[in-house]
1. Out of the residues in the range 74-102 that are among the charged types (D, E, K, R) and modelled with pLDDT under 95, which is nearest to Thr41 (Cα to Cα)?
2. Please tell me if Ser26 is among the polar types (S, T, N, Q) and touching an Asp or Glu at 6+ places or on another chain (Cβ under 7 Å).
3. Within the range 44-77, can you find the residues that are among the aliphatic types (A, V, I, L, M) and more than 14 Å from Leu11 (Cβ to Cβ)?
4. Looking only at residues that are touching a helix residue (DSSP H, G or I) at 6+ places or on another chain (Cβ under 9 Å) and at pLDDT below 90 in the range 1-48, which one is farthest from Ala61 (Cα to Cα)?
5. List, please: which pairs have Cβ atoms under 9 Å, are six or more places apart or on different chains, and start with a residue in the range 50-68 that is touching a residue at least 60 places away in the same chain (Cβ under 8 Å) and more than 12 Å from Tyr79 (Cα to Cα) and end with one that is of a type outside the set (Asp, Glu) and assigned to a helix (DSSP H, G or I)?
6. Check Ser51 against each of (1) at pLDDT below 95; (2) over 11 Å from the mean Cα position of the chain (by Cα) and name the one condition it does not meet.
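The values are calculated or read from the model by the stated rules, or taken from the named source; none is laboratory data. In this text the structure is predicted, and so the values were computed from the model without any measurement. Glycine also receives a Cβ, built like all others from the backbone with ideal geometry; neighbour counts cover every protein chain displayed.
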Amino acid sequence: MKVQTAIEERLRKSIILEHLEIVNESHKHSGPATESHFKITAVAEEFEGMSAVKRHQRLYALLAEHLKNGVHALALHTYTPDEWDFKNAVSPSSPDCVGGSH
């Protein structure tokens, strides 16, 4: 199973999401283009009242196995439905990598 598909299945099984977008950004980073860098935009009622840190910790906990086995980086953008509407349903673009290899 592709890593991106496995991440999507894990998140959808664990959180009721109003919107989920997973983008493989591995090609933006040094080294071979693999499934190692992802941008995740997740919108859920569950995030209401949670700080950004707590939201990210929630996703990191759900994806811990992937982080131990090849996923090098996650760019997380987590919103409540109201926050997502306020942002006009657009998450920020990720910058290109400027560092060394993984």
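1. Only one residue fits best here, namely Lys87.
2. yes
3. Correct list: Met50, Ala52, Val53, Ala73, Ala75.
4. Pro32
5. If the second residue must be of a type outside the set (Asp, Glu) and assigned to a helix (DSSP H, G or I), the pairs left are His66/Val3; His66/Ala6; His66/Ile7; His66/Arg10.
6. (1)
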